[in-house]
Every structure is written in C-alpha cells, then in structure tokens.
Amino acid sequence: MSASIPDGNGRIDEPGALSRRAALAAGLLALSPAPAAAEAEAAAIETATTRALMQTEVPAGTLRVATRGFAFPGDGGGALWRRVDAAPVHGGYITDAKGAFFEIDEGVLRPEMFGAQGGDADDHRAIQQAVTVAVQTSRRVEFTKPRYSLAGEIEIPGDVYRFSFVGASFTTLMQLLDDTSIFLFGGENTSQWAISGLRFAWLRNQNATHRRSYAVRFESNRPGGAGHFNFEISNCIVVNGFRGFGQSDDGNQKYKCPVWGATFRLIRTSMLHSGSAIFLRTWGRTGQPNNRIEHFYGRCDAMKEPALVIESSDTAVLTSVEFNRGRGCQLFIENSSNIIVEGTRFEEVELGAGDAFVSISGGQTNVRLSGLSVQSVKLVAPQPEAMSQASLVRVSNGARLNLDGFTDMPWRSPLAKRDLGMRRSVAVLDIRRGTAVAGAISPLVDPSFILTRQSTAGQLSFRDAESYCFAFQGAGELTFLPQLVRQRGSIVAVSLYTEGVNEDNLRGLQLLRNGEPILNASSDLTSKQSGRQQVVLPNALRGDEQRLILMPADLLTLVLPRTVAAAAKTMVLFSVTATGG
C-alpha cells in the first residue's frame with residue numbers, strides 16, 4: 001500500500017489507486033537492496049495534480065511524487081517528480097508548500113506537464129519551460145494535442161545537443177504575434193537534435209515585411225562560432241510564414257551563422273507561405289558543407305522569393321524536389337561547389353519575361369542537375385517576344401552546370417498548348433558567362449521550348465544526343481565545345497529559324513570549323529526553305545560521298561552579322577543535326 005496526500009480540494013486519494021508511473025517508481029524502489037517496508041512506502045506517493053502538489057507539504061522521507069495531471073486529473077500533465085537538494089539549473093522543477101525542490105523525472109516531456117492547455121490559450125511559457133529542460137538535459141518534447149498557441153518565440157540557447165521536438169500527426173504550433181519566429185536558435189554550437197511532425201502557422205498571413213517570421217530561425221553572429229550541425233528537420237509543414245527554416249536576414253546581411261551536416265526531409269509549404277521554405281545563406285562569410293534536402297514539395301502560389309536558397313555551400317545533395325505554381329525562380333544556387341540535384345519537377349509554375357526556374361550563379365559554383373522534368377508551364381508575358389529571355393535553367397557569372405536528363409511533358413496539361421507566337425521562345429538552358437554540359441535530353445515536345453540560349457561568353461557541350469537547337473540574340477560569336485556529339489559525329493543538316501530578319505540581314509552569317517568556313521549564308525542560305533524555316537546544307541555536304549566529321553579536337557563557331565542585332569524584334573535560331581560517328 002502506498003501513502004497518499006490531499007489533492008487541492010482536501011480530498012484524500014484512495015489507497016492502492018497508484019498510477020502506472022508511481023507504481024513503476026515503487027517497483028523500482030522495491031528492487032533496491034532490501035529496504036524496510038515503511039521506507040519503501042514513504043519513498044513514492046501519488047497526488048491528483050501538480051498544482052496540488054505545490055500547495056502541499058510533502059513528508060520529508062518521500063523521494064518521488066507522481067501526479068495524474070497538472071491542473072486537474074487527466075489533462076495530460078501528469079508527471080513523476082523527484083526530490084532534489086537544490087534547484088536544478090534547467091528550471092524543470094517545482095517546490096512544495098515548505099519549499100522543498102522536486103525535479104521532473106520524465107525522459108519524455110510534454111508541455112502539459114508545465115501547464116500548457118492547447119487550443120487557443122497562450123502556452124508560450126509552458127512550452128518554453130519544457131523546451132528549456134529538454135535542450136539542457138538531452139530529452140524529447142512531445143506535442144500531443146492537435147494545436148498549441150503561443151505569443152512569443154521559443155528560444156533555444158547555444159552549446160546544447162541531443163534533444164528532439166516531436167508532434168503527433170502534424171500538431172499545429174500557432175504563432176499569435178506578427179514578425180515573430182516559432183523556434184529561435186539564438187546561440188551556436190547545437191547538434192544532434194531533431195524536429196519532426198509539426199505544422200507551423202501564424203494567426204495572420206506573414207509577408208516580406210515580417211522578416212523574422214520563420215518556423216525555425218538561426219540568428220547568431222558570434223566570431224568563430226561553429227553554427228548548427230548534424231541535425232534533422234523532417235515531416236513538417238509551413239503554412240503562412242515568411243520563411244521556413246534558415247538563417248536570419250534583417251536586410252543588412254549581418255548574420256553569418258553556418259548550418260552544416262543538416263537534413264531537411266519531407267518538408268512541405270502551403271499556398272499561403274510567402275518566402276523561402278529553406279534559406280541557407282551566409283552571404284559568403286562562412287561555408288556550409290554536407291547539407292541534404294530530401295522529398296521537398298513547395299506549393300509556391302504566394303512566394304515572392306525562391307522556395308529553396310542554397311548559398312556558400314559545398315557537397316550538398318537535393319533529392320526529389322517539386323515546385324507547384326508560383327512564378328519565376330524557385331531554386332537559387334550561388335557560390336556553392338559540388339552540389340547534386342536529383343529529380344526536380346515543375347508543375348504549373350508561371351514563367352515571365354526574363355524569368356528562370358533555376359538560377360545557378362557564381363564563379364565557385366558547380367552543379368550536377370540530374371532528372372529535370374516540366375509537366376506544364378504557364379507563360380505570362382504580355383507579348384510573345386518578351387519571352388525570348390525566359391528559361392528553365394540559367395547559368396551565369398562563371399558557374400558550371402552538368403545537366404543530365406531533361407523531359408517536358410506538355411500532354412498532361414492544357415496549359416502546355418501554346419499560342420503559335422510563343423513557339424521556340426523559352427530556353428531549357430540559358431548560358432550567360434557560364435559553362436554547361438548537357439546529356440540524355442528527351443525530344444522537346446512543348447513547342448515553346450528550345451534547348452539553349454547562349455551568350456558570347458558562354459560555353460556548351462553535349463553528349464548522347466543527335467539534334468539540338470540553339471538561340472542566339474545579338475552580334476558576336478557563338479562557340480561550342482569540341483565534344484558536340486558523342487565525342488565524334490557527322491553533321492548532316494543545319495537549320496535556321498528567323499523572325500524579323502530578311503535574307504539581306506543574314507548574308508554575313510557563317511559557320512566555321514576550326515576557323516574555316518563550312519557554311520556561308522551568301523551562297524547556302526536559299527538551299528531549302530519553308531516559311532521562316534530554312535534548311536541549309538553546307539558546301540562540304542553537297543556530294544553524297546562527303547561527310548563533315550567533327551573530331552573531339554574540333555571547334556565549331558557560329559558568326560552572326562551585326563545587322564541582325566540592329567534590327568528590331570529579331571530572333572535567329574540555329575540547329576545542328578548530326579549522327580554519331
């Protein structure tokens with residue numbers, strides 16, 4: 001039989017009505033070396049609520065007290081409390097009526113153990129207390145109710161590790177304040193922690209004026225700090241914040257806290273979220289190695305910035321990422337090396353003049369993009385010619401890209417039925433002062449697409465393909481790397497597609513191999529033509545017995561006359577069709 005103490009209403013608990021927690025405690029005490037029966041009975045007692053315990057003078061010989069609730073029995077706040085000599089530094093303790101200290105003795109904590117009610121009540125204090133205990137003692141916090149509201153940030157200090165926050169079936173954490181994060185990591189050197197199963201929401205929709213409205217915000221500028229590393233955020237939804245997970249950005253780019261060795265898995269944003277879902281950016285002040293993003297789904301309707309921002313990173317892997325709706329750039333990679341992106345899909349994302357779904361930039365940046373697919377694209381430019389600067393992937397400022405596999409799937413959506421004016425206006429690759437290698441490209445079914453648009457400072461090489469189409473706008477030289485087709489190939493036809501260009505404007509066009517002309521527009525241009533499409537056979541191919549062989553060391557150059565650039569609303573598309581040699 002165990003001892004009992006009065007509850008808050010003066011009632012006495014029934015003898016023998018010991019809870020599972022108190023019974024377990026008593027059982028463990030019984031396993032100790034032969035205690036006296038009276039001592040064992042006094043060592044563990046039970047009361048109805050934690051609130052009642054704080055109003056009661058617990059007998060001096062009682063080592064543990066189990067409660068069946070915090071404010072009333074069955075409210076989810078029942079806990080086991082252990083007598084200690086002094087107040088613990090983590091704050092997870094109570095005192096009885098005589099001032100004796102009792103530390104919470106649970107491996108798994110719940111906010112209800114500290115007075116949280118769930119629903120619309122402000123549970124900030126109780127959640128903060130549970131989290132503080134967990135991070136300082138390496139425990140887990142479980143959010144078991146459908147929703148908790150809080151008016152303030154849940155702060156996690158620096159130099160803590162091995163803790164976790166877990167929701168039950170996407171428990172909602174509702175932030176009642178604007179411009180306020182839900183979790184704030186204000187220090188550095190945190191590691192081996194996890195957050196999962198939570199749905200992050202704000203009472204009012206947040207936007208770019210609410211720059212601190214993150215689900216999880218890292219804010220630190222401590223010189224020499226190690227940042228936050230080896231943690232995982234998984235199975236979470238961000239509903240209507242400004243950003244999801246990442247470094248602080250107060251507009252002054254002063255926070256340089258690195259995030260590295262982190263995994264973001266099964267992250268989703270809703271249509272009301274207004275900024276980046278994952279924002280890993282230190283503005284070049286410190287590196288961020290070995291991060292992973294897996295199974296990301298972004299509903300990007302309200303986003304005003306890229307859904308994923310990766311900067312100053314290296315050896316990062318993004319696997320199975322999908323972007324639905326929204327407009328323009330959704331994946332931004334800058335000044336990052338050895339980045340692997342596997343399985344990227346766009347569905348019904350709007351593309352306007354000058355837009356690009358993926359932006360890869362920076363002289364230190366190299367990216368392998370494997371498996372890019374577009375189910376449907378909504379072109380939103382007011383005039384078709386405005387789309388001539390739009391693309392799916394843009395490579396700029398010295399970046400390097402290896403695109404391995406592209407498929408467009410326009411038959412799955414009526415949005416892919418373009419106006420004829422949009423034909424050949426959107427480039428899969430837009431190379432601006434960058435380098436790209438492309439391979440395993442499926443035939444372009446969507447009539448809006450060409451494979452690449454390339455500036456004079458860009459370089460492009462291909463493998464495992466037989467026919468490509470290029471767009472060039474402006475005067476200058478368009479240069480292809482030697483490996484044009486399977487390291488060795490035979491050109492069998494050259495095609496031109498022009499708009500707003502007459503034959504006189506094209507008389508200066510030349511195609512050269514190693515500086516020697518193999519196509520001269522003044523003599524070859526009118527070989528075959530149908531409407532604005534002109535198919536040209538170079539002089540070297542006039543005889544059936546001749547083949548124009550491109551060897552690995554060959555350099556192919558297209559030279560356009562300056563009159564093309566001077567004409568208004570002009571466009572020249574150039575394609576080479578070749579077979580493997």
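The values are calculated or read from the model by the stated rules, or taken from the named source; none is laboratory data. This structure is a prediction, so every number in the text was calculated from the model and none was measured. With ideal geometry, Cβ positions are generated from the backbone for all residues, glycine too; neighbour counts draw on all protein chains shown. The protein model used for the area step is the full one, side chains on, heavy atoms only, and it has no ligands, DNA or RNA in it. Shrake-Rupley method; radii C 1.70, N 1.55, O 1.52, S 1.80 Å.
Measuring with a 1.4 angstrom probe and ignoring ligands and nucleic acids, Arg68 comes out at about 90 Å² accessible.
In vacuum, with every alpha carbon of segment 50-197 counted as one equal point scatterer, what does the Debye formula give for log10 I(q)/I(0) at q = 0.15 Å⁻¹? Two decimals, please. Each listed q corresponds, in turn, to -0.77. With the whole protein complex present, Glu342 retains an accessible surface near 70 Å², based on a 1.4 Å probe. Could you state the number of Å between the C-alpha centres of segment 64-82 and segment 253-324? That distance is 41 Å. Protection proxy ranking for 171-178, 92-99, using the average of other Cβ atoms within 10 Å per residue and placing the highest first: 171-178, 92-99.
Descending by average beta-carbon neighbour count within 10 Å, the peptides 290-299, 304-313 line up as 304-313, 290-299, the highest first. With coordinates expressed along the principal axes, the C-alpha atoms belonging to segment 70-125 extend over 37, 23, 23 Å, beginning with the largest.
Per-residue SASA remark: Ile237, around 30 Å² accessible (1.4 Å probe; ligands, DNA and RNA not included). Quick one: plug the Kirkwood hydrodynamic radius of segment 251-395 (C-alpha pairs) into Stokes-Einstein at 20 °C, 1.002 mPa s, and report D in µm²/s. Answer from the Stokes-Einstein relation: 139 µm²/s. Length gained on full extension, Ala353 to Gln459, computed as 0.36 nm times the residue gap minus the Cα-Cα distance: 35.8 nm. Fraction of C-alpha pairs exceeding 21 angstrom in segment 118-185: 20 percent, rounded to a whole number. Per residue, the solvent-accessible area of segment 234-317 (1.4 Å probe, heavy atoms of protein chains only, all protein chains present) comes to 32 Å².
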